[in-house]
1. One residue is enough: does segment B:114-124 have a residue meeting the conditions more than 14 Å from chain A (Cβ to nearest Cβ), surrounded by 13 or more Cβ atoms within 10 Å (Cβ to Cβ) and either over 11 Å from the mean Cα position of the chain (by Cα) or more than 24 Å from A:Lys581 (Cα to Cα) (or both)?
2. Please enumerate the residues belonging to segment A:76-132 that are of a type in the set (Val, Ile, Thr), surrounded by fewer than 20 Cβ atoms within 10 Å (Cβ to Cβ), modelled with pLDDT of 80 or more and in contact with a strand residue (DSSP E or B) (Cβ under 6 Å, 6 or more places away or on another chain).
3. Could you list, in sequence order, all residues of segment B:85-103 that are at pLDDT 90 or above and farther than 11 Å from B:Trp134 by Cβ?
4. From the set of residues in segment A:605-659 that are assigned to a loop (DSSP other than H, G, I, E, B) and modelled with pLDDT of 85 or more, which is farthest from A:Pro773 (Cα to Cα)?
5. Across segment A:176-193, what is the total count of residues that are touching a helix residue (DSSP H, G or I) at 6+ places or on another chain (Cβ under 6 Å) and either at pLDDT below 75 or crowded, with 19+ Cβ neighbours inside 10 Å (or both)?
6. Residue check: is A:Leu608 more than 12 Å from every other protein chain (Cβ to nearest Cβ) and in contact (Cβ under 8 Å) with a residue 40 or more places away in the chain?
7. Looking at the structure I just gave you, is A:Glu596 touching a helix residue (DSSP H, G or I) at 6+ places or on another chain (Cβ under 7 Å), over 22 Å from A:Ile744 (Cα atoms) and either part of a helix (DSSP H, G or I) or at the interface with chain B (Cβ under 8 Å from one of its Cβ atoms) (or both)?
8. Picking from B:Ser40, B:Ser28, which residue would you name as being among the hydroxyl-bearing types (Ser, Thr, Tyr), away from chain A (no Cβ under 14 Å) and either in contact with a Pro (Cβ under 8 Å, 6 or more places away or on another chain) or without any contact (Cβ under 8 Å) to a residue 12 or more places away in the chain (or both)?
Amino acid sequence: MAERAIRAIKTYLFSQSSPQAFAPLGMRGGLGKTLLIAFLLLAIVPLSLLAFFTYHQIERDSQARLGSLLEDVVVLKEGDLRAWFEARERALSLAAVALEEGVDSGQMLVQTQALEPAFVGLTLVGLSQGTTIASTGVPATGAVDWRSVGDNHGKLVFVRAPGGPGELLPAIGYRWDDRLLVGLLSWDLLERAISASPGLGEGATTRLVTEEGQIVSQAGQFLPSAEAGWAPGFLSGPHGQGVARYPGEDGIPVMGAYLWSPRLGVGIIVEQPRNALAAPAENLTALVIGATLVVALMTAAIAAVVTRRITRPIIQLTETAAWMARGDLNQRVPIVRKDEIGVLARVFNHMAAELRVLYGSLEAKVAERTAQLEEANRNSRYYIMQLSISAEVARVASSIRELDQLLDTVATLIGRAFELKSASIYLLDETGRRAVWQAGSAGVPLTDRELQVDGPSLVGQVAAHGDRRVLRQDLHQEGSAAPVACEMAVPLCLREQILGVLYLQSERPEDFGDDDQLVYRSLADQIAIAIENARVYGLERETIHRLRELDEIQAEFLVNMSHALRTPLNSIIGFSRVMLKELDGPLSDLQRADLETIHDSGRQLLGLINDMLELSQLELGVAPFSASEVDLEEILEGVMATTQALVRNKRVRLTMDVPVPAPSLFTDGQRLRQVILALMSNAVKYTDEGSIRLQIAETDGAVKISVSDTGAGIPRVERERIFANGGQEEGGDGAGGGGFGLAISKRVVERLGGEIWVESEEGVGSTFTFTLPCDPAAGLPARG
Amino acid sequence: MAQNLGDVNVLIVEDSVRNYALLARLLSFMGVKQTEWRRSGWQVLEFARDVLPQVDLILLDIHLPEEDGYKVLARLREDGRFRDTRVVAVTADVSDVNLSRAKAVGFDGFLAKPINVDLFPDQIRRILSGELVWDLG
């Protein structure tokens, strides 16, 4: 059963086409086998051990029994042999008595032999002469050493028979006085006397051993004791006794018992082949082995059943799991049991059900995600296309300023990028009643050049209503080779104002879908912006041109005005001065005062005109500048001298703080003087009492020049626009100081690459500071 | 050159009669007796010699109708009769550019308008004595 299950599993496993899917299931075939083997081992090993020990014990017992039996037998045999031997010895002693009494020795020997058939021969030997006196039976020869028999009279001795060299004959010697009566014994009768082996089975052998350890037999000398493996095993000396196991005559294992008979002078061995007595043990062993096999078979059968009971649900579980691994989540384990496997199956089924639910929702999710991804992909494809074309349109829009060229390029671009039959751009004219063809990928208008807005044409409709429209029909354009499957008009709108229409024709019926429309709308928006940009650019260019013209006009105007104003001022200042000098005659005090007012106002006006002219020149960037190495000390001296003159009538103290040596400057010296002077004049103007301080300091790479006064200070709101044009103009009753001084200074300083600022506190004073780079300012031409 | 201002002949080329009047007045205060007035360069060339035996100084306005002072100067310089005549630009165009140009084309002086009445006599004397006077006002 288990084998069938294993075979089934193997068949199942090997029939699988996708090995990796079942790679973890390689263990499946081994489970039943493992269990079966384990069961069999559990059954057979203890039984085998039991059988082995039982057999061993039985054998040992039978050996012991045999040993003691052999010992008993050998004692009995010694008794038998002794009795038999003593009877023969008695016969000899009787014969000897008769011979002593003078009976004829020859006759006596014959008579004795006749009486005792055990004697095969009798010999009377005279020991002193060493001669045979009488003999009967086996003829005695001189070769027989009767002396050894004499030395051992009364014992069983073996003599070499005169007949052949190999034959030994047992003999008995009876000695009296100088005579020795030797009886040669019959082997057959001797052996008969000892052959009876009661209690021993077939094959039992009795052997006689000489004192020298030589086994003797009728056939002659048997194995010498020294060479016999068995002999030393139990012969603890010729006079010992014992039992031993050893390989017998034919190599068959035998057991033998040995006993030394001191009376006879020989040892007796009784041997029994071991197998003869082991039969019952072997029978028992066979029985045990048979029982073991039977038990093993039964165990195997039971094990198979149990294994099947265990493995079948596991295999079912495994198979189900395998199916599930393949993706078939509808599998269920058909096991209804109450044990742990049943619990496992229920849990497994539950798990499978959960997996099924999870997997189901996962599949749904995956499908959903995939759909989303595809959608996103499609969108991103459109997006990329739109982006690239938009980028191209943007590039064109930014690189091409001319409207015509721009539209031409864009139309061609769109026509080519979307592989359209044509892409055209129409723009509304000034009246807004006509859409006029401007550019197209075909190069020429495919419709009328001018289309009526709100007319029957697609372009006209879209131009009127501002919504994009698609027309799908089999429209065969006259004179065109390929049919137009669909056409679309997209309004070019900017801030809800319709500028024109983008008109597209395609040969593919599937074009101008929703996604396409979005792309084209975006493009249309961009084109609208580009059109607007181009138009704005045109306007801007025109404006700049006009502004430039205006600047020139303004500059010219200022120069002319300045000139025109100077001419009357020439008379006002000149003649008033002439009169003040009394060249025209003496003046009254009142006349003088009036004339001075006229003269001063004229001078002031002149100053204003000069400043205005200069300021405008600075603004226009036409004021000349030139840089050179500046002698700062000289400039400062000049400025201080001039300022000293200005404060002559005021209680103002002038101080100057210049590092020695003075910083070297490479700039426009005239302009520098102008600025310092303007700041000093300004300070003088607003300081009636106190001090004015001119300070020069060199910071890294720049010279910082500041003019501090203790004047009225400047309100915060004024500070912001103090450098603006005419910011501090207050009617200007100061001598010659125009209101443009600070404004001019700011522009000059900036032109020289520096900065100017003011710090002020009302009632305390103001500090005007400006910086100039020590190096030539960029763009400032060096004075040759 | 005549240092006696009474013998000096001065020609004033000026399109404004008031400017001429001022200059003429200042010159007369200085003692100059011969002062002629012309409105344009053309008139100078056409009539100058007919009226004056010689011209020592010409006060030439730059901003003139028809041709400007530079052109007039160029023609005066071409004319041998004015070889020794000092020609001074008297102009309301007081830009550096104009001053530089005046120097470059060979004026003997540059007086800015409005005329500085206080400085004028000295400037004229210096010019007549051969100095170059450049006054931007």
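The values are calculated or read from the model by the stated rules, or taken from the named source; none is laboratory data. Remember, it's a predicted structure, so these values are computed and weren't measured experimentally. Virtual Cβ from ideal backbone geometry, glycine too; neighbours counted across all protein chains shown.
1. no
2. Listed by number, the list holds a single entry, A:Val110.
3. B:Arg86, B:Val87, B:Val90, B:Arg101 - these are the residues of segment B:85-103 that are at pLDDT 90 or above and farther than 11 Å from B:Trp134 by Cβ.
4. Within segment A:605-659, the subset assigned to a loop (DSSP other than H, G, I, E, B) is A:621-626, A:631, A:647-650, A:658-659.
With the extra rule that they be modelled with pLDDT of 85 or more, the set shrinks to A:631, A:647-650, A:658-659.
On the way: A:Asp631: 15, A:Val647: 30, A:Arg648: 33, A:Asn649: 36, A:Lys650: 34, A:Val658: 17, A:Pro659: 17 Å.
Per the stated criteria, the residue is A:Asn649.
5. The initial filter retains those residues of segment A:176-193 that are touching a helix residue (DSSP H, G or I) at 6+ places or on another chain (Cβ under 6 Å), namely A:176, A:180-183, A:193.
Adding the requirement that they be either at pLDDT below 75 or crowded, with 19+ Cβ neighbours inside 10 Å (or both) leaves A:180-183, A:193.
Number of matching residues: 5.
6. yes
7. So A:Glu596 passes the test.
8. It is B:Ser40.
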